[in-house]
Amino acid sequence: MRRLNLLLSFLLIFFMSSLASTQILTFKHSLELEDAVGDIREDNDDIGKDVIKVTINSDGKNLHITAVLKEKISYYLEKCKAGPVITLHFDTDNDTTTGGKTVLGKKLGFEYEVGLMACIKYKDGGIACVGSIGAPIEGYASSFRTKKYKQGEKFPETIRWSTDAPHRDIEENVVETTFSYTEIAVTSGKSVRIAIREDDSTFDEKSFFPEVVLTLK
Ligand SMILES: [Ca+2]
Ligand SMILES: [Ca+2]
């Protein structure tokens, strides 16, 4: 009998843990997610930008995204390359059978992705949002880029380049941006599934935050 109880306990724990791994977190209007320190790629030729917290706020018209880094932005970009900090994959109809598959990982059903970029501003007026020019640096700015998925196509198409999106100075360790609901074709009251990836993390599923469904204000 004791052995049966033990077996049942094991089965219950297995069932609960598999339930937890597939569970999607739900939020209304805004969300905040913590992330581990030091979970970045070791083979990176840069110091990987280590995200420790992400917030998303919806205000009825715009989405405001912030990524908090472990160190100041200059620590990551002074001698390294500009690039994405987090990429947000949006399943705008909350339906995994429509839209495309994430380029990294095996997640299905996304209509758009928005990359939050950390860019380097140079004293000569130039700016790099990917890579580096190697000239004297004036400061750092955020931007974003948007890609649209098409069903059956392997890679999403870029519909907004980071040079065409608004830039905002990065102070300390917070990279943030704001974009309109129209950027990803959503409307107030919609429930959107979001898979967020820490860009300088590993190339597998572990680089993703837990999936969330956010109901927009
Ligand atoms: Ca992290
Ligand atoms: Ca979809």
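The values are calculated or read from the model by the stated rules, or taken from the named source; none is laboratory data. Predicted model only: the values in this text are computed from it and were never measured. When we count neighbours, we look across all protein chains shown, and the Cβ atoms used for this are built from the backbone with ideal geometry, even at glycine.
A few comments on the model shown:
- Scoring residue 182 on the criteria (1) in contact (Cβ under 8 Å) with a residue 24 or more places away in the chain; (2) under 23 Å from residue 32 (Cα atoms) leaves a single failure, condition (1).
- Boolean, residue 142 is in contact with a Cys (Cβ under 8 Å, 6 or more places away or on another chain), closer than 20 Å to residue 32 by Cα and among the hydroxyl-bearing types (Ser, Thr, Tyr): yes
- The residues of the stretch 27-75 that are of a type in the set (Phe, Trp, Tyr) and in contact (Cβ under 8 Å) with a residue 60 or more places away in the chain amount to a single one, 27.
- Taking the criterion of being among the hydroxyl-bearing types (Ser, Thr, Tyr), more than 14 Å from residue 198 (Cβ to Cβ) and away from ligand 1 (no atom under 16 Å from the Cβ), the residues of the stretch 73-119 that qualify are 74, 92, 96, 97, 98, 112.
- In the stretch 84-108, of all residues being out of contact with any strand residue (DSSP E or B) (no Cβ under 7 Å at 6 or more places or on another chain) and closer than 16 Å to residue 214 by Cα, the one that is farthest from ligand 2 (Cβ to nearest atom) corresponds to 96.
- Qualifying residue in the stretch 101-123 (condition: among the acidic types (Asp, Glu) and surrounded by fewer than 18 Cβ atoms within 10 Å (Cβ to Cβ)): no
- The stretch 171-217: number of residues that are among the acidic types (Asp, Glu), modelled with pLDDT of 95 or more and away from ligand 1 (no atom under 16 Å from the Cβ): 4
- For the stretch 19-43, a tally of residues being closer than 16 Å to residue 206 by Cα and modelled with pLDDT under 75 returns 5.
- Candidate set from the stretch 174-217 (those that are surrounded by 18 or more Cβ atoms within 10 Å (Cβ to Cβ) and among the basic types (Lys, Arg)); member that is nearest to residue 73 (Cα to Cα): 197
- Residue match in the stretch 73-93 (condition: surrounded by fewer than 19 Cβ atoms within 10 Å (Cβ to Cβ), under 22 Å from residue 206 (Cα atoms) and either modelled with pLDDT of 95 or more or touching a Pro at 6+ places or on another chain (Cβ under 7 Å) (or both)): no
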